[in-house]
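Asks: What follows is a structure written as C-alpha cells; I'll ask about it next.
The values are calculated or read from the model by the stated rules, or taken from the named source; none is laboratory data. On a predicted model such as this, the values are computed, not experimentally measured, just so you know. Heads up, the Cβs are rebuilt from the backbone with ideal geometry, glycines too, and the neighbour counts pull from every protein chain shown. The area values use the complete protein model at the heavy-atom level, side chains included, leaving out ligands, DNA and RNA. Shrake-Rupley method; radii C 1.70, N 1.55, O 1.52, S 1.80 Å.
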Amino acid sequence: MPTRKLIIDGQEIEADDNLTLLQACESTGAEIPRFCYHERLSVAGNCRMCLVEWVGAPKPQASCALQVRDIFPNKDGTPAKINTNSPIARKAREGVMEFLLINHPLDCPICDQGGECDLQDQAMGYGRAAFNRFHEQKRAVEEKYMGPLVKTVMTRCIQCTRCIRFATEVAGVPDLGATGRGEDMEITTYLEKAFASELSGNIVDLCPVGALTSKPYTFTARPWELRHTDSVDVMDAQGCAIRIDSRGPQVMRVLPRLNEDVNEEWIGDKTRHACDGLLRQRLDRPYIRKSGKLQPATWSEAFAAIAAKLATTVPEKMAAIVGDLAAAEEIKALKDLMAALGVKNIDCRQDGAKLGGARQSYLFNTTIAGVEAADAILIVGANPRWEAPVLNARIRKAWLASGVKIAGIGVTMDQTYPVTDLGAGTDMLEQIAAGTHAFAQILRDAKRPMLILGTSAISRADGAAILKLAAKIAADTGMIGPAGSAAEGGWNGFNVLHTAASRVAALDLGFVPGEAGRDVAAIVDGAQKGEIEFIYSLGADEFDVGHLGRAFVVYQGSHGDAGAHNADVILPGAAYTEKEGLYVNFEGRVQPAHRAVFPPGEAKEDWTILRALSDVLGKRLPYDTLDALRAALVADAPHFADHHELVPHGGASATDWAAVGAAGPLDTSRPLGSTMTDFYLTNPIARASATMAECSREFVAGSAKMAAE
C-alpha cells in the first residue's frame, strides 16, 4: 500500500495513505479528542473537536475528515509537520468546547452518563471555567420516544450523529434522522415510533453525552459502584464478548467488550437487557413433588428421592436431556454420570436437529469474521436477524463493502440487506442441489460461496435429507476449499447457524444418543408410552415438557420455567453469571464465562450438584475441583484447552462430507423457515425479564412490529 511520511509532534512516521490523519496521529501515541468520529462509522466531521495544527496551513484541520493521502509535503520536499497539542490546536479545541457547552444543561449530578461521559472528560481538559462569553438562555428540546430500551434527554444532544449513522449503517434500520438546521436541529425517530432494531442498545454506548441512556438502567447505579467481570454471552450461540457489571449480589447491567473476531464491539438487545430476568422466578432451594405439589426440601432429601427412583429403574428406561444454557463442565459431568449408570438415551438437541458426526458438519465453518470475505451467500431456513443479530450486522457490513449476492430459501423477514427471495419450498433446495436453478450458477462462479443453514431447517422430520442436500450444494459449488477449514487458511462455506449456547460444546462432547439410544423426540414418545420412567433435565425448557407422561423428571436449572413446573424433583443451579464455565460458540471457539455474583439461596454451581449426586448414587465422578474437571474435558476433546482460539480441526474428507445427513424424501407440503417466533423470549432468563416482555409487546406484537411478512 502507498505510504507517506509525516512528522507528528516531532516524530517522523510513515503512514498508510488510506488512514485518516486522526488514526496516524494516534499511532504515535497522541491523544486526539473526538465526539462524532467512530472507527466503525462513516466520517461525519461535524463536531470539530479533533482539530490539529498542520504547520503552514491557514487554519487548524479536522483530523478525522482528512486522509493521509491529502497531506502533501512542504515546498522543500520535507514531510509535513502536524502538531496535536500546540497552543493553536489547544485554543481551537477550547473554542469548540465553548460552543458545545453553550446549550448543554448542567445535568451531570442527575445524568446516568455521569462518570463515563466523553463530554465530561473533554470538558476537564478543554473547558474554560474562568469565564463564559455566552449569557443567552439555553435552548430546550422535547424528549423523543425511542422504545422501551432507550431513554432520551435530547436537550443534552450535541448533534454528533453517531446514533443516526449506527442505525443506518450498522443496524440497517433507518428509523433515526435529523430535522431542522443550526440551533433548530433535532435527532428524532420522525413519527415518534420505537427504534425497531435488535441492536438498538448500542446507540447508548455510542452517545458521547447523556442524550441517550439505558431506560431500564435509569437512576440505578453509578459506574464507580460497580464491579466489572469479563464473560461471554449465552443468549444466542454467537458467544459475544461481554462485561458484567454487578453491585453486591446483583447484576446491574451487561455491556459489550471488544472482540474483533466475534462481535467487534456490538451486542444484541437481549444480551444487554435480559439481565433483570436473573432476579425473577429463581430457583433458590431444592423441591420435591408430594401429593401433586412441589414442596421445599433439603439437598439430602432431594438426592435421596432421586436415588430411590433410580434404584428401581433399569438404564434402558432412563434418559438425560441438556438445555440451551448449559456450560461444558456440567454437560461433561452429566454425560459421565449417565455413562456410569449405563444410560444411552441422552441428547442435547431439544429442537430435534439432525446433527452429529464430523465436527465440520455442525460448525459455522466460515467463521464470523470470514463472512466479510464471502461473495455469494445462500441462507436456508434461518433468520439471522433474530437468531444471531450481531452476525447479521456482519453480513450487512459485507454487503455494504462488496455488494455480496445474497439469496434466501424460507427467509421471511427483512434482514436489513437485500435478499433475493427464492421462496420457501424444499423444491428450491433440490433445484440448487441439482444445479438447475440460476443461483446455483452464481454459487459456482463465486470465489468464496457460502451457505447458512438454520437449525429450524434440520429440526424437521426431513431434516437429515435437508442437511444432506445442503452438504451436496457445498461440495458441488466449491464452498469447501482444499484445506477445508477457514481456521487453517482455506475456505469452507458450509455453515450451521445454531441458536443454543450449549449446543456445540455438547456435540463436541458427544452428548447424543448411544447405540440404540433415543433422541429427545423418542424420549418424549417413550415417556408417554411408559417406556421411559426417569428423565434428568439439565435446564431443558425448549421442548414439549408437558408430554412426559408419568415419567419421574429431575430438573436442574436456575429458573422456574416450563421444565421446573413439570418436575418431580428440582435441583437449583446457577445462571451463567454465577459460575465459571466454558461455552463453545457456533464457529467452534471455546470461551470462558466468569462468575460475577454468587447463586441465590441454596443454589449451587451445576457441575458440583452432579458431583455430589454421583456420591449418593454410588457412582462417584473422578473430579473434585474445577481444574480436574476441565482436565477431563480436555482429555475428551483437546480443543477445550485453547480458549478464545479457533483450533484447526483438519479438512473433512470427501467421504466425511458424503456421510453428512441422510438421503430421504422431503416434506414438500411444509415450507422452510425459522421457527423462532419471538426474538425476546427464547430462554428462561429472557422469559423472566420484565424488560424483554415489554420489548416483545412493543416490537413483536405491537405497533412497532418489525418487518416480518
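Asks: What is the gain in length, in nm to one decimal, between residue 185 and residue 445 on full extension, counting 0.36 nm per residue of separation less the C-alpha to C-alpha distance?
Replies: 88.8 nm
Asks: Calculate how steeply helix 328-341 sits against the longest principal axis of the alpha-carbon atoms of the chain, using the helix alpha-carbon long axis, and give the answer as 0 to 90 degrees to the nearest 10.
Replies: Roughly 10 degrees, rounded to the nearest 10.
Asks: Here is a follow-up. May I ask you to evaluate 6.51 cos²θ - 1.76 cosθ + 1.60, the Karplus curve with θ = phi - 60°, for each residue of the range 144-151 and list the ³J(HN,Hα) values in order in whole Hz, giving x for glycine and proline?
Replies: With the stated coefficients, the range 144-151 comes to 10, 8, 10, x, x, 10, 10, 8 Hz.
Asks: Also, quick follow-up: Any chance you could run the full-extension gain for residue 247 through residue 91? It's 0.36 nm times the residue separation minus the Cα-Cα distance, nm to one decimal.
Replies: 52.0 nm
Asks: Here's a follow-up. Might you tell me the accessible area per residue for the chain, computed with a 1.4 Å probe and given in Å²?
Replies: 39 Å²
Asks: What do you reckon, how do 146, 1 stack up by accessible area (1.4 Å probe), largest on top?
Replies: On the way: 146 5, 1 175 Å².
Accessible-area ranking of 146, 1, largest first: 1, 146.
Asks: If one takes the longest principal axis of the Cα atoms in the chain, at what angle in degrees, from 0 to 90 and to the nearest 10, does the Cα axis of helix 299-311 lie?
Replies: For helix 299-311, the angle is close to 40 degrees.
Asks: Give the relative contact order (percent, whole number) for the chain; include only Cα pairs under 8 Å separated by 6+ residues. Write out the running numbers ahead of the final one.
Replies: Values: 1514 pairs, mean separation 105.1, N = 709.
That works out to 15 percent.
Asks: Take the alpha carbon atoms of the range 295-320, find their center, do the same for the range 37-96, and report the distance between the two centers in whole angstrom.
Replies: 72 Å
Asks: Now for a different question. As a quick test, which of the pairs 290/317; 309/604; 472/529 have an alpha carbon distance above 28 angstrom in this structure?
Replies: Distance filter (> 28 Å) returns 472/529.
Asks: Using modelled amide H (1.01 Å from N, peptide plane; none on Pro or chain starts), what sits under 5 Å from the amide H of residue 151, excluding residues fewer than 5 places away?
Replies: Here 213, 214, 215 satisfy the definition.
Asks: Give me the net charge for the shell around residue 60: Cβ to Cβ below 13 angstrom, other residues only, Lys and Arg +1, Asp and Glu -1.
Replies: With Lys, Arg at +1 and Asp, Glu at -1, the net is +3.
Asks: Let me ask something else about it. Does the range 77-169 come out rounded, prolate or oblate by the C-alpha gyration tensor, with a ≥ b ≥ c the root eigenvalues, rounded set by a/c under 1.5 and, if not, prolate when a/b is larger than b/c and oblate if not? Spell out each step's value before the answer.
Replies: On the way: a/c = 2.33, a/b = 1.46, b/c = 1.60.
Here the range 77-169 falls in the oblate category.
Asks: Taking a ≥ b ≥ c as the square roots of the eigenvalues of the Cα gyration tensor of the range 593-693, is the shape rounded (a/c under 1.5), prolate (a/b larger than b/c) or oblate?
Replies: oblate
Asks: What net charge is computed for the residues neighbouring residue 635, neighbours being all others with C-beta under 15 Å from the C-beta of residue 635, Lys and Arg scored +1, Asp and Glu -1? Kindly include the intermediate steps, with their values, before the conclusion.
Replies: Numbers: positive: 332, 335, 630; negative: 329, 336, 508, 627, 636, 642.
Neighbourhood net charge equals -3.
Asks: On to the next question. Is the shape of the range 385-519 best called rounded, prolate or oblate, per the rule: a/c under 1.5 gives rounded, else a/b larger than b/c gives prolate, else oblate, with a ≥ b ≥ c the square roots of the Cα gyration tensor eigenvalues?
Replies: Rounded shape, in that the Cα axes give a/c under 1.5.
Asks: Continuing with this model, one more query. Going down the list 405/468; 144/215; 270/332, which pairs span over 19 Å between their C-alpha atoms?
Replies: The answer is 405/468; 270/332.
Asks: Now, a different point. Residue 81: which lysines have alpha carbons under 16 Å from its alpha carbon, excluding same-chain residues fewer than 8 sequence positions away?
Replies: Cross-link targets: 5, 59.
Asks: How far is helix 626-636 tilted, in degrees, relative to the longest principal axis of the Cα atoms in the chain, given as a value from 0 to 90 rounded to the nearest 10?
Replies: 70 degrees
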